[in-house]
Amino acid sequence: MNEQSKLLSPERLRWTCDSSFFKFQSTAEIPPMQGIVEQERPIRAIRFGLDISSPGYNIYVSGLTGTGKTTVIRTFLEEIAAKMPCPDDWCYVYNFRDPNCPIILNLPAGRGKSLKAEMDEFVRHLKKEIPKAFESKEYEESVNGLIRENQEQQQLLLSRLSEKARAEGFEVEITKVGVSLVPLVEGKLMTSEQYEALDPEAKKQIETRQTGLNQDIQSFLRQVRNINKESRDKINELHRRVGLYVVGGRVDGIKEEYIGFPQVTSYLDDVQEYILSHLEDFTEDSAKSDAAAASQIRLEPQVDPFAKYTVNIVVDNTDLKGAPVVIETNPTYYNLFGRVERRAQFGTLSGDFTLIRAGSYARANGGFLVVNVHDVLLNSGVWETLKRTVKNKEVRIEDLAEQFGIVPVAGMRPNPIPVNVKVIMIGHQLIYHQLYGLDEDFRKIFKVKADFDSEMPRDEQAFNNYASFISTRCFDEGLLHFDPTGVARVIEYGAWLVDDQQKLSARFSDVADIVREASYWARSSGASLVTSASVLQAIEEKYYRSSLIEERIRNLIAEGTILVDVSGEAVGQVNGLAVIDLGDIRFGKPSRITAKTFMGKSGVVDIERESKMSGKIYDKGVLILSGYLGAKYAQQQPLSVSASLCFEQSYEGIDGDSASSTEVYALLSSLSKIPVKQSIAVTGSVNQNGQIQPIGGVNQKIEGYFDVCKAIGLTGDQGVMIPLQNVRNLMLRKDVVEAVAAGRFSIYAVGTIDEGIEILTGIPAGERDEHNEYKEGTVNYRVERRLKEFAEALRKFAKEEEKG
């Protein structure tokens, strides 16, 4: 194989955006973008989910942060909501039949405030007019007339009883303890001494007559009670007539305004009936009594007798145009579903229907609610309550402790609010699949998935979208505008973000950061436009701020503390490449991988795996490696070899299979005793057929090794060998590309192990001939010969051991 055929030209190491594509002088000439850069798949899903009204078709929006999910949702919702009817107001009112269950009323938008104002004015009117009515001369005369009538009737009954008692020789006396009979002697009251002086027969006669009159006394008392009751009823009826005269007219006037709302008219009927039964609350005597009570220290909470007539508007849509769009950024249980607040007084907490507060779910009634799934799952009780609310289409305002039965809470249970809300939940795709698989309710209530991609095709439309996006950021945030070279450089940065020459990043939050920082550096230098140089400076400065750890590792390698050779040759030793991801920065780190082979039957033993410092994917790569060796070299005799693999100076966990091809090369070198070039670092996974497979982080790995070689000294022999499929992922820094163009650094792309071992050793790998044998002198020939030597030696050793 010709080594030069695998060498990549500088043109293939980076895609460069041609600034001549843009016909403007600066982005100030481009009109700002209307909305966002749309992606067809999630846009169609969102439109479908918002338009369909069947139950359960709520939307789960997934995708990486910064792909415009929230912006798209807000744009669509505002567009659709503006065309929808404005939903009703929702109010809680006092339940006169069951005070612990306040009644919920719904009225057209704005009518809730009207009802509240009318009820407040109604109470003010009653406070003023009811005392006047009961202080009027007509009322006083009517009451006095009823009292006189009562007294006359009682006096008549008493006269009749007295006459009958005198006829029997008794006088009737009315005392505080009741009615009593006193015997008469010659028309005068008998004294106790006179009574005691009577003989027994006379006393018996008096007692007999008195017993006969007792029935008349009981009849008298019964008639008096009936007369008093009739009088009280008449006075109460008079009270009611007077009260109805004041109350009825105002209630009827309010009812006429809400004639089409039976719940409101029923509530007003209850209000009228309650007021007529509690007219004393509005009299001056009651006000004086309340003032006297307020002047005393009371340990129990005081209740305003007029609070029960107010209207508590929990959802006010007076100023709303169209349907509501509520984006709840802090979906705690109470923020989402509402609460009943408590009033502290004398060490106790009390509440009433006026302290009911609706949550964002109720405020979104008739419209849309947007929440983040991560926040929903983190807040206690929210997920289960959200599912129940969506399924039942009603919001119940309850205490969280009562909801879960943690503590029995005695309090109000407001009537639930009927709701019709389209819920849009934003979150990661992984959470979607977990909920879909583990929660049966989830798949029933979130039937629409809108999945945002983090990348987009690199085409003319994408170029124009990037230019419009940059223009929008400049106009909206007062940034310096970009010239065509600056826009082209930002587009190249978009390709670098996704490590793909044919794609651009759709995570516009990252792109926006570079736009802002490039504007800052351009303004700092006194420029009027942002050019390619300012964008490059912004990228380099952003990287430099986070690259302290990378620099320290590179210095340790250059100093020789971390052992990595970038020149010379060695047997069983290859430089592998790994990517360290710290969140804000990813960089490549070279590591020495060594292999030792010897006679035995243990097969390939990986030290990382045995010390439990490796992940499952890495372990799989080692097992695939064993399969490749067996399939290639153990067709005619068993694979009688023991081998150990090691990432030297590795003190933390390792995962991924991108070093599996590197380990194969180290094993082949150890078996064949052929040294490999230490100047070439290797990355790529391998399958059991010996094919090199693509890996991630190829740019970071190449740049990381290049920086190490540059720190030690570029010789022109150094380079990196990558999988052939990763060529399209190359978006290398310009200094790396320039070094390749100058012949000071090389990048090779290989598709098989055989191609790679030839580059590392400079010796042909070799292929089997018609006799199924490798050509003498090739790498594969030496490996197979060494394995046969191991197998033969092992057989001899086994025979000698058997003889012994």
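The values are calculated or read from the model by the stated rules, or taken from the named source; none is laboratory data. As the structure is a prediction and not an experimental result, all values here were calculated from the model. Cβ coordinates were reconstructed from backbone atoms using ideal geometry, including for glycine residues, and neighbour counts include every protein chain displayed. These area figures cover heavy atoms from the full protein model, side chains too; ligands, DNA and RNA do not enter into them. Shrake-Rupley method; radii C 1.70, N 1.55, O 1.52, S 1.80 Å.
Figures for the structure shown
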| quantity | calculated |
| --- | --- |
| Rg over Rh [alpha-carbon atoms, Kirkwood Rh] for the range 116-255 | 1.30 |
| Estimated FRET transfer efficiency (D581, D18; beta-carbon r; R0 45 Å; 0.05) | 0.90 |
| Between helix 429-438 and the chain: long-axis angle, C-alpha atoms, 0 to 90°, nearest 10 | 60 |
| Relative contact order for the range 542-684, counting Cα pairs under 8 Å that sit 6 or more residues apart, in percent | 37 |
| Mean Cβ count within 10 Å, highest first, over the residues of peptides 212-225, 306-319 | 306-319, 212-225 |
| Nitroxide proxy distance, nm - points 7 Å out along Cα→Cβ at E384 and A793 | 6.7 |
| Accessible-area value, S5, 1.4 Å probe, nucleic acids and ligands omitted, Å² | 80 |
| Karplus-derived 3J(HN,Hα), 6.51/-1.76/1.60, for each residue of the range 381-389, Hz, glycine and proline x | x, 6, 4, 5, 5, 4, 4, 5, 5 |
| Under-5 Å amide H pairs with I747, H placed in peptide plane, nonlocal only | L8, V720 |
| For the chain: Kirkwood Rh in Å [reciprocal of mean 1/r, alpha carbons] | 36.1 |
| Accessible-area ranking of K137, K387, largest first, probe 1.4 Å | K137, K387 |
| The chain - percent of accessible surface contributed by carbon and sulfur, probe 1.4 Å | 49 |
| Accessible-area ranking of L184, L64, L438, largest first, probe 1.4 Å | L438, L64, L184 |
| Qualifying lysines (Cα of each under 21 Å from Cα of K796; at least 8 residues distant if same chain) | K601, K788 |
| Taking the range 57-152 and dividing mean pair separation by its residue count, relative contact order in percent (alpha carbons under 8 Å, at least six apart) | 15 |
| The range 109-224, relative contact order in percent, only Cα pairs under 8 angstrom and at least six apart counted | 17 |
| Per-bin percent of Cα-Cα distances, the range 501-635 [5 Å] | 2, 7, 10, 13, 13, 12, 10, 10, 8, 6, 4, 2, 1, 1, 0 |
| Kirkwood hydrodynamic radius (C-alpha pairs) into Stokes-Einstein, the range 92-140, 4 °C and 1.567 mPa s, D in µm²/s | 97 |
| 30 Å Cα-Cα reach of K127 towards lysines, excluding residues that sit fewer than 8 places from it in its own chain | K113, K116, K137, K229, K234, K255, K288, K308 |
| Extension reserve of the D51-E773 stretch, reckoned as 0.36 nm per residue once the Cα distance is removed | 253.0 nm |
| Computed accessible area, Y94, all protein chains, 1.4 angstrom probe, square angstrom | 40 |
| FRET efficiency for I43 and C101, using Cβ-Cβ distance with R0 set to 35 Å, rounded to 0.05 | 0.20 |
| Listed residues I147, I43, I235 arranged by accessible area, highest first, probe 1.4 Å | I147, I235, I43 |
| Sites matching GluC sites (Glu not before Pro) across the range 556-652 that sit in DSSP coil, with at most 11 neighbouring C-beta atoms within 10 Å | E652 |
| ³J(HN,Hα), Karplus 6.51/-1.76/1.60, whole Hz, each residue of the range 627-643, x for Gly, Pro | x, 5, 4, x, 5, 8, 10, 10, 7, 10, 8, x, 7, 8, 8, 10, 9 |
| Heavy atoms of V325: accessible area, 1.4 Å probe, square angstrom to 10 | 50 |
| Ratio Rg/Rh, restricted to the range 692-804 and using Cα atoms, in which Rh is the Kirkwood radius | 1.20 |
| Given K69/K422; K321/K449; K589/K673; K321/K422; K6/K673; K673/K775, the pairs whose alpha carbons are separated by over 21 Å | K321/K449; K589/K673; K6/K673 |
| Helix 284-294 axis, angle to the chain major axis (alpha carbon atoms, nearest 10°) | 50 |
| Within the range 159-186, backbone nitrogen closer than 17 Å to the virtual label 7 Å beyond the Cα of N226 toward Cβ | 159-161 |
| Inter-label distance for Q34 and N392, nm, one decimal - labels placed 7 Å from Cα along Cα-to-Cβ | 4.5 |
| Hull-based mean projected area of the range 609-679, where the convex hull spans the alpha carbons, in square nanometres | 5.6 |
| Cα Rg over Rh - the range 482-539, Kirkwood | 0.99 |
| C-alpha long axis of helix 508-524 to longest principal axis of the chain, angle in ° | 70 |
| Point-to-point label distance, E173-H374, nm (Cα→Cβ direction, 7 Å offset) | 9.4 |
| Per-pair calculated FRET efficiency, R0 = 51 Å: I607 and N464 via Cβ, rounded to 0.05 | 0.45 |
| Under 5 Å, built H, 5+ apart or other chain: amide partners of V448 | N58, Y60 |
